[in-house]
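The values are calculated or read from the model by the stated rules, or taken from the named source; none is laboratory data. Bear in mind the structure is a predicted one, so any value in this text is a computation, not a measurement. Heads up, the Cβs are rebuilt from the backbone with ideal geometry, glycines too, and the neighbour counts pull from every protein chain shown.
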Amino acid sequence: MNSVQKVEFVQSFVGGAIPYHLDTGLQFPAQTLAESGKCSDKSFLAAAILANMGYKVALLSFHTKNHMTVGVALDGTTPSYSPAVGFDYNGTKYYFLEVTAAGWKVGQSSSGLEAVEPEAIIPVSCKPAL
């Protein structure tokens, strides 16, 4: 599998195998993995998996739309969706990765967010334990 296919495999797993459940509050990625989660919970889980796989990722927060998703940098690889939606942050282009349901492609934005800039782009770093 190439790098885009690997990212989309993670998207398919988090989006499809983890049920979407609107709840209040935040939860740890392990709880989302074992149970279910809303957009932010599923985004934390997908970002943690992708960061541990070596991808440069960020959380994309759309406060006014009450939505969160993942941004993933592809290091020169072309996203599978065209025209791909991406956001530049500190010299890195993070492509939209929707994780609330299965079937979304890298660079494909959720409906209503095609032309909306995230209010916050939060890079995620997973460093190995000592």
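A single member of Ala58, Ala115, Ala120 is under 13 Å from the mean Cα position of the chain (by Cα) and either in contact (Cβ under 8 Å) with a residue 24 or more places away in the chain or surrounded by fewer than 16 Cβ atoms within 10 Å (Cβ to Cβ) (or both), and it is Ala58.
Please enumerate the residues belonging to the stretch 21-49 that are surrounded by 16 or more Cβ atoms within 10 Å (Cβ to Cβ) and small (Gly, Ala, Ser). Listed by number, the residues that qualify are Ser36, Gly37, Ser40, Ser43, Ala46, Ala47, Ala48.
Can you give me the ranges of the strands (runs of 3 or more DSSP E) entirely in the stretch 1-119 with at least 1 residues that are among the β-branched types (Val, Ile, Thr)? Break it down into steps so the answer makes sense when it comes.
Working: elements: 57-62, 67-72, 86-89, 92-97.
Fully inside the stretch 1-119 and qualifying: 57-62, 67-72, 92-97.
For the stretch 30-44, does any single residue satisfy the condition of being modelled with pLDDT under 90 and within 22 Å of Tyr94 (Cβ to Cβ)? No.
Condition check ((1) over 27 Å from Asp23 (Cα atoms); (2) among the β-branched types (Val, Ile, Thr); (3) in contact with a Cys (Cβ under 6 Å, 6 or more places away or on another chain); (4) in contact (Cβ under 8 Å) with a residue 60 or more places away in the chain) across all residues:
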site	(1), (2), (3), (4)
Gly71	no, no, no, no
Tyr81	yes, no, no, no
Ala84	yes, no, no, no
Thr92	yes, yes, no, no
Trp104	no, no, no, yes
Gln108	no, no, no, no
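Scanning the stretch 61-74 for residues that are of a type outside the set (A, V, I, L, M) and over 13 Å from Val7 (Cα atoms), we see that the one that is surrounded by the most Cβ atoms within 10 Å (Cβ to Cβ) is Thr69. Just one of the numbered conditions (1) modelled with pLDDT under 95; (2) acidic (Asp, Glu); (3) within 21 Å of Asp75 (Cα to Cα) is not true of Glu8: (1).
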